[in-house]
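Working notes, structure below.
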Amino acid sequence: MTVPTIALNDGTTIPQLGFGVFKVDPEQAERIVTDALEAGYRHIDTAAIYGNEIGVGKAIEKSGIPRDELYVTTKLWNADQGTQSAFDAIDLSLEKLGLDRVNLYLIHWPVPSRDLYLESWLALEQIRESGKAVSIGVSNFQIEHLEKIIAGSSTVPAVNQIELHPAFSQAPLRAFGRLNNIATEAWGPLGQGKYDLFDLAPIAEAAAAHGKTPAQVVLRWHLQTGNIVFPKSNSPERIAENFDVFDFELSNAEMTAIDGLDEGKRVGGHPDEVS
Ligand code: NDP
């Protein structure tokens with residue numbers, strides 16, 4: 001199965017479906033990422049703070065998959081924002097991953113109370129120039145944070161990775177992204193299991209109509225919305241299930257009904273508050 005790609009504003013492309021490893025136990029990460037690579041995923045989304053970059057790197061190495069067939073993202077943690085601390089942080093992430101470059105390096109949260117995100121962004125520009133990250137972007141940035149780094153640097157972020165699922169569909173940030181050529185990545189695409197999306201009528205009915213699971217319908221909604229998505233699962237069955245989303249299509253009516261589930265409710269922290 002070839003996963004569709006999304007073109008980023010720096011001339012690179014990213015597989016639209018990947019595998020996320022938030023809350024994947026560091027001891028289990030090698031096995032779980034190996035399961036994902038065997039299921040066909042070629043895009044892995046990790047972060048320094050997840051503590052599992054070593055396991056991710058071991059799975060990549062053992063897979064024997066050529067490096068240029070893999071897309072690896074990691075993230076600069078809040079405590080490492082700044083210039084030299086960002087340089088040190090990418091070096092440590094690369095060492096743990098066993099890689100000489102990541103495909104995408106993100107500022108994990110803006111942390112406006114520290115006001116270091118523009119300085120950190122300028123450091124990420126240098127990290128990209130050094131070749132340690134092919135593309136650079138941000139995560140959990142609100143419109144005002146994006147405006148500040150666009151105005152204060154010469155690089156528009158390639159992506160903004162934000163909480164996004166049918167109950168929190170982030171229309172204003174997605175529209176800002178479309179306007180400014182910033183791709184939207186959806187974290188918590190299944191509501192992190194904290195929100196019972198799967199029993200909601202538009203999702204359950206579409207699942208029954210297509211002979212797919214509610215999780216597959218939600219992932220299909222993301223793909224047809226244009227989001228980049230990387231569901232996490234510890235289970236080999238669900239890892240495979242979440243990859244099996246390319247043999248059906250939601251109708252316009254089904255998409256509209258799922259769009260109508262937006263309640264503007266987050267399952268995660270607010271970007272102005274997370275530090
Ligand atoms: P998800 O929305 O991917 O939900 C994961 C939960 O859903 C787990 O409890 C998992 O359980 C369950 N699940 C997975 N597949 C299925 C399925 N087919 N049917 C039923 N339940 C399922 O949440 P995440 O927070 O993990 O988001 C995805 C990724 O986004 C992260 O792993 C991370 O890479 C990234 N992220 C980024 C953040 C940021 O601040 N930038 C914040 C949070 C996440 P089980 O494991 O038992 O299958």
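Some observations on this one:
- Distance between the modelled labels on Lys62 and Arg178, one decimal in nanometres: 4.3 nm (7 Å Cα→Cβ projection).
- With contacts taken as Cα pairs under 8 Å and at least 6 residues apart, the range 43-90 reaches a relative contact order of 49 percent.
- Sequence ranges 257-265, 112-120, ranked by mean other-Cβ count within 10 angstrom, highest first: 112-120, 257-265
- Using only side-chain charges placed at the Cβ, +1 for Lys and Arg and -1 for Asp and Glu, the dipole size of the range 21-106 relative to its Cα centre rounds to 120 debye.
- Using the 1.4 Å probe convention, the accessible area of the range 74-184 works out to 36 Å² per residue with neighbouring protein chains retained.
- Euclidean distance between Cα centres, the range 244-270 to the range 59-97, Å: 31 Å
- log₁₀ of I(q)/I(0) at q = 0.13, 0.18, 0.22, 0.23 Å⁻¹ - the range 168-275, Debye sum with one point per alpha carbon: -0.49, -0.95, -1.37, -1.47
- Per-residue HN-Hα couplings for the range 258-275 [Karplus 6.51, -1.76, 1.60; θ = phi - 60°; Hz; x = Gly/Pro]: 6, 3, x, 7, 4, 10, x, 10, 7, 9, x, x, 7, x, 6, 10, 5, 10
- Derived scalar couplings between HN and Hα for the range 145-161 equal 5, 5, 4, 5, 6, 5, 6, x, 8, 9, 10, 7, x, 5, 9, 10, 9 Hz in order, rounded to whole Hz, by the Karplus curve 6.51 cos²θ - 1.76 cosθ + 1.60 (θ = phi - 60°), x for Gly and Pro.
- Rounded to the nearest 20 debye, the dipole size of the range 106-260 about its Cα centre is 320 debye, using +1 on the Cβ of Lys and Arg and -1 on the Cβ of Asp and Glu.
- Model label zone, Gln84; criterion: amide N under 20 Å from point 7 Å along Cα-to-beta-carbon; scope the range 113-130: 115-128, 130
- Positive-end residue of Ser120, Val102, Gly82, charge dipole of the range 81-134 with Cβ unit charges: Val102
- Per-residue ³J(HN,Hα) for the range 212-221, Karplus 6.51 cos²θ - 1.76 cosθ + 1.60, θ = phi - 60°, Hz, x for Gly and Pro: 10, 8, x, 4, 5, 5, 5, 5, 5, 4
- Of the accessible area of the range 181-234, computed with a 1.4 Å probe over protein heavy atoms only, carbon and sulfur atoms account for 52 percent.
- Highest-first arrangement of 241-253, 183-195, where packing means the average Cβ count within 10 Å: 183-195, 241-253
- Cα shape, the range 1-111, gyration tensor, a/c 1.5 rule: oblate
- Considered as an equivalent ellipsoid built on the Cα gyration tensor, the chain has semi-axes of 29, 23, 16 Å, the largest given first.
The values are calculated or read from the model by the stated rules, or taken from the named source; none is laboratory data. Everything numeric in this text was worked out from a predicted model, so none of it was measured. Cβ atoms come from the backbone with ideal geometry, glycine included; neighbour counts cover every protein chain shown. These accessible areas exclude ligands, DNA and RNA; they are computed on the full protein's heavy atoms, side chains included. Shrake-Rupley method; radii C 1.70, N 1.55, O 1.52, S 1.80 Å.
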